[in-house]
Amino acid sequence: MADASGEQRFIVPSCCEDFILHEDQGLLARVGEEFECFACRRQWQKTVPTGFRCLTDQVDYDVVVERGELGARLVYLSARLQRQPLTRRCCQNMIRYSDPKIGAFLQSSPRWSLEGVVLTCLACGTKWQPRLVEVLGWQKLCYQHPALSAPLALQELPSGRVLVPLSEWSP
């Protein structure tokens, strides 16, 4: 996905990351072995013990393991030498799960306010504030946290829903 500056930001589809890291397909593969994501059919190759190449997109990824603020072990794929997603995968998943529920509640209770509502990621501890922002004539549900200069919104992509800067969102 290209951002406002035209630079490419590489976001691993959730299905591929799950397949490689959590279904152990990639972790158990031998270096040089090729395999396919069962959900999206992207072709992958294990290039080093902790690295993979998406043959479909020609992008190299490394396995990253870190500890979140709350002590949770976070494991994800990071594009090597490329611009990274704006948020951790744990936050992306929490917001993707919460967004439809918040949106449905707002539609059914128009007088309800997002004032003071905070979503806290249980894995890394990041606190997100949902809010409605008018963009292109739409009321768009966005998410903000103190380290970001602008809110993020969920964008539908062929590989799934991802958080993008509001300035990059399109209906």
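The values are calculated or read from the model by the stated rules, or taken from the named source; none is laboratory data. It should be emphasised that the depicted structure is a prediction, and the values quoted were computed from it without experimental measurement. Virtual Cβ from ideal backbone geometry, glycine too; neighbours counted across all protein chains shown.
Observations on the model:
- Just one residue in the set Thr56, Thr47 is at pLDDT 80 or above, not acidic (Asp, Glu) and not in a loop (DSSP other than H, G, I, E, B); that residue is Thr47.
- Lone unmet requirement of (1) assigned to a loop (DSSP other than H, G, I, E, B); (2) buried (at least 19 other Cβ atoms within 10 Å of the Cβ) for Ser149: (2)
- Yes/no for Ile102 being β-branched (Val, Ile, Thr), on the phi < 0 side of the Ramachandran plot and touching a residue at least 40 places away in the same chain (Cβ under 8 Å): no
- Test: residue in the stretch 92-100 that is farther than 22 Å from Glu23 by Cβ and in contact with a helix residue (DSSP H, G or I) (Cβ under 8 Å, 6 or more places away or on another chain): no
- Gly125 being touching a Gly at 6+ places or on another chain (Cβ under 9 Å) and among the small types (Gly, Ala, Ser): yes
- Members of the stretch 32-61 that are within 16 Å of Pro13 (Cα to Cα) and either of a type in the set (Asp, Glu) or touching a His at 6+ places or on another chain (Cβ under 9 Å) (or both): Glu36, Asp57, Asp60
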